[in-house]
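A short worksheet on the structure shown next.
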Amino acid sequence: MRLYDSIGPNPRVVRMAMAEKGINLPSVTIDITAGVNRSSDYITKVPAGGTPALELDDGRVISEITVIAEYLEELHPAPAIIGTTPEERAETRKWVRIIDLGYCEVMANGFRATEGRRMFESRFPLMSKSGGDELKAIAAKKLQWLDGLMTGDFICGNRFTLADILLFCFVDFGAQVGQPLPDGLVWLPAWHQRMAARPAAAA
């Protein structure tokens, strides 16, 4: 297998998941700033053009970060980042979906329409800049909602999961593109410190 890697929060989620599991794979870096993911051989492997992607030994290609993480968990069950029981896996998948749809997608689309507009406007349709600003505000509201709801060390209580990896990578990215954590949060800043202290956070 080999990983098609790039800059950005999506590939970092997979790299961090791999690091938590002690998985090492050869990788190929795709220059998304130059649009390589939207042309050449890559687009034939990954029609949606996103990164990362995992190419299997038989030539099949798996894309989408949560799908890749699920596949790696099936190959390497321990340490579990999704869960060891049906109930644990269901809880993790619930929070991954809530975070992905409610925060990650909204925050990322807000970035693409504003600070990232020059890079993305020739590649696919974008919201207006004012719409992007509204998406940023919605993403901040989702973080405030999450902050008021959480009580344990991690999103799934005291169990570290893919949901934590996903949120951490996108919160870190947001801080780099004009979307820092909102003021007045309590749980998220402490959680972020715990996450940043994990060796896998360097992935």
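The values are calculated or read from the model by the stated rules, or taken from the named source; none is laboratory data. Fair warning: this is a prediction, and the values are worked out from it, not measured in the lab. Every residue, glycine among them, receives a Cβ derived from its backbone with ideal geometry; neighbour counts consider all protein chains shown.
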Just to be sure I understand, how many residues within segment 80-129 are modelled with pLDDT of 95 or more and either more than 17 Å from the chain's Cα centre (by Cα) or not in a helix (DSSP H, G or I) (or both)?
12
Tell me, which strands (runs of 3 or more DSSP E) wholly within segment 11-78 include 1 or more residues that are outside the structural domain of F170 (by TED's automatic domain parsing), within 22 Å of G116 (Cβ to Cβ) and without any contact (Cβ under 8 Å) to a residue 24 or more places away in the chain?
61-63
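Just one of A196, A113, A203, A163 is surrounded by fewer than 17 Cβ atoms within 10 Å (Cβ to Cβ) and either in contact with an Asp or Glu (Cβ under 9 Å, 6 or more places away or on another chain) or basic (K, R) (or both); which is it?
A196
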Quick one: which of A113, A139, A108 is assigned by TED's automatic domain parsing to the domain that holds A190 and out of contact with any Gly (no Cβ under 7 Å at 6 or more places or on another chain)?
A108
Scanning segment 169-191 residue by residue, those surrounded by 15 or more Cβ atoms within 10 Å (Cβ to Cβ) and within 17 Å of the chain's Cα centre (by Cα) turn out to be C169, F170, V171, D172, F173, G174, V177, Q179, L181, L188, W191
For K142, indicate whether it is out of contact with any strand residue (DSSP E or B) (no Cβ under 8 Å at 6 or more places or on another chain), of a type in the set (K, R) and over 25 Å from A17 (Cα atoms).
no
Taking only segment 166-182 into account, find how many residues are without any contact (Cβ under 8 Å) to a residue 60 or more places away in the chain, assigned to a loop (DSSP other than H, G, I, E, B) and in contact with a Phe, Trp or Tyr (Cβ under 9 Å, 6 or more places away or on another chain).
0
Every residue from segment 89-137 that is within 16 Å of D164 (Cβ to Cβ), out of contact with any strand residue (DSSP E or B) (no Cβ under 7 Å at 6 or more places or on another chain) and of a type outside the set (F, W, Y):
R89, R93, K94, V96, R97, I98, I99, D100, G102, C104
